[in-house]
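Q: Have a look at this one before I ask anything.
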Amino acid sequence: MKTLKDKVIVITGAGGNIAGAVEESFRNQGARVILVDKAMVRIQGRASTYGTMALEADFSSLDSAQETIRQIKQEAGRIDGLVHLVGDIVNGKVVDVSAEDFHTAFNTNIQTLFYAVKAVLPELLGKDEAFIAGIASQEISGGGQAGSSLFAAAKSAVAAFLRSLDAELASTRVNVSIIFPMGLVDTLFNRQNASVDTDSLIKPKAIAQAFVTAALSGEGGSFREIAVYPPRLSS
């Protein structure tokens with residue numbers, strides 16, 4: 001995109017830790033962000049602060065995804081991009097995880113992405129500028145780490161889906177991007193549970209900047225995959 005000013009960007013999973021930074025970065029570029037989350041309580045404060053539209057929806061079915069997109073189009077008048085941030089982290093050794101864990105990992109990460117993309121794509125095709133972006137994980141590049149088999153598999157599915165979608169849309173003006181955090185992100189959960197120096201955690205602002213960079217690409221080249229690495233620690 002040449003500019004994000006006045007572009008309508010739908011952000012799913014908008015109540016999460018990373019999402020807040022993503023929303024702020026897009027707003028700083030002049031975009032109109034539409035917040036979508038499965039729990040209104042997670043986004044109503046941000047929506048009030050930003051003066052923007054917020055919808056409660058979980059994208060657990062194609063019908064719910066299509067209805068959400070219909071509401072956004074009706075109220076906002078247009079849709080220019082989708083940033084999909086839905087996806088639960090499911091950890092545990094294979095011997096310990098359950099069938100419910102399996103469904104949680106794949107339903108929240110890849111099923112919601114499929115429904116969101118399928119619902120929004122008709123609004124983006126034919127536009128002069130549009131984009132779709134999702135978030136994957138470092139596990140897919142070097143293989144899953146011990147205890148992350150389900151999460152690694154689900155995020156691998158996300159990346160494969162978006163790569164294939166990008167090829168499918170090669171003759172359109174819809175850019176597709178994948179953001180890869182190549183380390184732990186600075187969230188409350190990771191601060192409480194990870195045995196690492198918190199200064200080594202990737203800041204959500206860096207992830208947000210990667211999404212904005214992806215959205216603004218297209219003139220002379222595009223960013224299909226952006227890896228975001230942990231900050232360098234001073235000695």
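Q: Just to confirm my numbers, what's the Cα centroid distance between the range 71-103 and the range 164-235 in Å?
A: When both Cα centres are located, 17 Å separates them.
Q: Which percent, nearest 5, of DSSP beta bridges in the chain are antiparallel? Spell out each step's value before the answer.
A: Values: 0 of 27 bridges.
Of all bridge pairs located within the chain, approximately 0 percent are antiparallel.
Q: Follow-up question, since we're still on this one. Can you tell which of V196, V176, V33 shows the greatest fluctuation in a Gaussian network model of the chain with Cα springs below 10 Å?
A: Highest fluctuation among the options: V196.
Q: Still on this model: Structure shown: which of K73/K127; K127/K205; K73/K118; K5/K73 lie over 19 Å apart, alpha-carbon to alpha-carbon?
A: Values: K73/K127 14 Å; K127/K205 29 Å; K73/K118 15 Å; K5/K73 17 Å.
Where the Cα-Cα span goes over 19 Å, the pairs concerned are K127/K205.
Q: Would you please give the residues with an amide H less than 5 Å from that of M53, counting only those at least 5 places away or on a separate chain, with H modeled from the backbone geometry?
A: Distant-sequence amide H within range of M53: L35.
Q: What residue among N175, N109, N28 has the largest mean-square fluctuation in a Gaussian network model of the chain, using Cα springs under 10 Å?
A: Of the options given, N28 has the highest mean-square fluctuation.
Q: Over the chain, with a Gaussian network built from C-alpha contacts below 10 Å, which listed residue (K155, K73, K203) shows the highest mean-square fluctuation?
A: K73
Q: Let a ≥ b ≥ c be the square roots of the eigenvalues of the Cα gyration tensor of the range 8-228; is it rounded (a/c under 1.5), or, if not, prolate (a/b larger than b/c) or oblate? Walk me through the intermediate numbers first.
A: Details: a/c = 1.41, a/b = 1.36, b/c = 1.04.
Rounded.
Q: Treating cross-link reach as a plain straight distance, find the aspartates and glutamates whose alpha-carbon is under 15 Å from the alpha-carbon of K155, omitting any fewer than eight places away in the same chain.
A: In chain and number order, the partners are D88, D101, E139, E225.
Q: Still on this structure, I have one more. Using the number of other C-beta atoms within 10 angstrom as an exposure proxy, rank F211, F26 with the fewest first.
A: Values: F211 27, F26 22.
By the 10 Å Cβ count, ascending: F26, F211.
Q: Hey, what number do you get for the chain at 222 nm if only DSSP H runs of n ≥ 4 count, each worth -39500 (n - 2.57), divided across all residues, to the nearest 500?
A: Values: 9 runs with 98 residues, N = 235.
For the chain, the value works out to -12500 deg cm²/dmol.
Q: Using Cα-Cα distances under 8 Å and only pairs 6 or more residues apart, what relative contact order does the range 8-228 have, in percent?
A: Details: 389 pairs, mean separation 45.1, N = 221.
Reported as a whole number, the value is 20 percent.
Q: For helix 112-124, what angle does its Cα long axis make with the longest principal axis of the chain, in degrees from 0 to 90 and rounded to 10?
A: 20
Read-outs: derived from the displayed coordinates by stated rules, not from any lab. Remember, predicted model here, so these are calculated numbers, not experimental data. Cβ coordinates were reconstructed from backbone atoms using ideal geometry, including for glycine residues, and neighbour counts include every protein chain displayed.
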